[in-house]
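J.: Here's a structure for you.
What follows draws every value from the coordinates through simple rules; no lab data is involved. Quantities reported herein were computed from a predicted structural model and do not represent experimental measurements. Glycine also receives a Cβ, built like all others from the backbone with ideal geometry; neighbour counts cover every protein chain displayed.
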Amino acid sequence: NAGVTQTPKFQVLKTGQSMTLQCAQDMNHNSMYWYRQDPGMGLRLIYYSASEGTTDKGEVPNGYNVSRLNKREFSLRLESAAPSQTSVYFCAGSSGTGGAGELFFGEGSRLTVL
Amino acid sequence: GQQLNQSPQSMFIQEGEDVSMNCTSSSIFNTWLWYKQEPGEGPVLLIALYKAGELTSNGRLTAQFGITRKDSFLNISASIPSDVGIYFCAGQLKPGNTPLVFGKGTRLSVIA
């Protein structure tokens, strides 16, 4: 079982470039999430998808878009990258029922915007 | 947005010592959870708490859901070097698909 898989693991972009972070899970999770982690800031929610076909904004959605492609995949897109988006990005999934708070995280994608 | 106040921000302890960290909020939470993040990895769930007053253990780790539902603590007994990492508290305001709110983390260093 791969769990939650994120690609790429590392990426360097120039300001203004676009890119998509991919996330796939094989745990049959209904809900999927994108967080960013910055030093001293903890984990902040960017967007989430409570179920296939739905997406909602989190705490820090500006500059990002998401697509819940199917139940397994949830991608995060930066249309015009800015240095402020330099961060570590984590995708997570949960069953969304019962232990809904029990998130399973990927290993992270480390993005640097120059 | 909702905020969780997690303390301390960092701790340096000797191997074998006990550790205590806590999380407080002005809001009432339905669920409290504790995660650990090791360098280069994503956070991993340690303990989940679902009822006010609940006390749950996972090996040397013990966590409690505060009676007021506005706080939680995590204790680690007899720390060992592999306890090093960042510990995050997280709360869920409502059951179901409501996203978690995370504290800013407690960075634990263990000196052998």
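J.: Suppose we filter B:Gly53, B:Gly91, B:Gly96, B:Gly40 for residues that are within 13 Å of chain A (Cβ to nearest Cβ) and touching a Phe, Trp or Tyr at 6+ places or on another chain (Cβ under 9 Å); which single one remains?
T.: Of the residues listed, the single one that is within 13 Å of chain A (Cβ to nearest Cβ) and touching a Phe, Trp or Tyr at 6+ places or on another chain (Cβ under 9 Å) is B:Gly91.
J.: Of the conditions (1) more than 15 Å from B:Val101 (Cα to Cα); (2) charged (D, E, K, R); (3) in contact with a Gly (Cβ under 8 Å, 6 or more places away or on another chain), A:Glu73 satisfies every one except a single condition; which number is it?
T.: Unmet for A:Glu73, out of (1) more than 15 Å from B:Val101 (Cα to Cα); (2) charged (D, E, K, R); (3) in contact with a Gly (Cβ under 8 Å, 6 or more places away or on another chain): (3).
J.: When A:Thr54 is evaluated against the numbered criteria (1) touching a residue at least 60 places away in the same chain (Cβ under 8 Å); (2) within 12 Å of another protein chain (Cβ to nearest Cβ); (3) out of contact with any Phe, Trp or Tyr (no Cβ under 8 Å at 6 or more places or on another chain); (4) not basic (Lys, Arg), which criterion, by number, is the only one it fails?
T.: The number of the failed condition is (1).
J.: Here is a follow-up. Are there any pairs with C-beta distances below 7 angstrom linking a residue in segment B:1-20 that is touching a residue at least 12 places away in the same chain (Cβ under 8 Å) to a residue that is surrounded by 14 or more Cβ atoms within 10 Å (Cβ to Cβ) and of a type in the set (Phe, Trp, Tyr), with the two at least 6 apart or on different chains, and if so which?
T.: Going by the 7 Å Cβ cut-off, the qualifying pairs are B:Leu4/B:Phe102; B:Ser20/B:Phe73.
J.: If you don't mind, another one. What do you reckon, is B:Gln6 touching a Cys at 6+ places or on another chain (Cβ under 8 Å) and either buried (at least 20 other Cβ atoms within 10 Å of the Cβ) or within 13 Å of chain A (Cβ to nearest Cβ) (or both)?
T.: So B:Gln6 fits the description; yes.
J.: Confirm whether B:Leu74 is under 15 Å from B:Gly105 (Cα atoms), of a type in the set (A, V, I, L, M), away from chain A (no Cβ under 12 Å) and in contact (Cβ under 8 Å) with a residue 12 or more places away in the chain.
T.: Criteria met by B:Leu74.
J.: Which ones in segment A:30-45 are crowded, with 21+ Cβ neighbours inside 10 Å and either out of contact with any strand residue (DSSP E or B) (no Cβ under 9 Å at 6 or more places or on another chain) or touching a residue at least 40 places away in the same chain (Cβ under 8 Å) (or both)?
T.: A:Ser31, A:Met32, A:Tyr33, A:Trp34, A:Tyr35, A:Arg36, A:Gln37, A:Leu43 - these are the residues of segment A:30-45 that are crowded, with 21+ Cβ neighbours inside 10 Å and either out of contact with any strand residue (DSSP E or B) (no Cβ under 9 Å at 6 or more places or on another chain) or touching a residue at least 40 places away in the same chain (Cβ under 8 Å) (or both).
J.: Sort through A:Val12, A:Val4, A:Val66, A:Val88 and tell me the only one that's more than 12 Å from the chain's Cα centre (by Cα) and either surrounded by 14 or more Cβ atoms within 10 Å (Cβ to Cβ) or farther than 22 Å from B:Lys36 by Cα (or both). It would help to see each step written out before you state the result.
T.: Numbers: A:Val4 fails: more than 12 Å from the chain's Cα centre (by Cα); A:Val66 fails: more than 12 Å from the chain's Cα centre (by Cα); A:Val88 fails: more than 12 Å from the chain's Cα centre (by Cα).
Result: A:Val12 is the single residue among A:Val12, A:Val4, A:Val66, A:Val88 that is more than 12 Å from the chain's Cα centre (by Cα) and either surrounded by 14 or more Cβ atoms within 10 Å (Cβ to Cβ) or farther than 22 Å from B:Lys36 by Cα (or both).
J.: Tell me, which residue of segment A:33-67 that is in a strand (DSSP E or B) and among the hydroxyl-bearing types (Ser, Thr, Tyr) is nearest to B:Gly103 (Cα to Cα)? Reasoning before the result, please.
T.: First pass over segment A:33-67, keeping only residues in a strand (DSSP E or B): A:33-38, A:42-49, A:56-57, A:64-67.
Subset that is among the hydroxyl-bearing types (Ser, Thr, Tyr): A:33, A:35, A:47-49, A:64, A:67.
Numbers: A:Tyr33: 17, A:Tyr35: 13, A:Tyr47: 18, A:Tyr48: 18, A:Ser49: 21, A:Tyr64: 23, A:Ser67: 27 Å.
The selected residue is A:Tyr35.
J.: Are any of the residues in segment B:25-36 hydrophobic (A, V, I, L, M, F, W, C), under 16 Å from B:Ser109 (Cα atoms), more than 11 Å from every other protein chain (Cβ to nearest Cβ) and in contact with a Lys or Arg (Cβ under 7 Å, 6 or more places away or on another chain)?
T.: Looking through segment B:25-36, none of the residues is hydrophobic (A, V, I, L, M, F, W, C), under 16 Å from B:Ser109 (Cα atoms), more than 11 Å from every other protein chain (Cβ to nearest Cβ) and in contact with a Lys or Arg (Cβ under 7 Å, 6 or more places away or on another chain).
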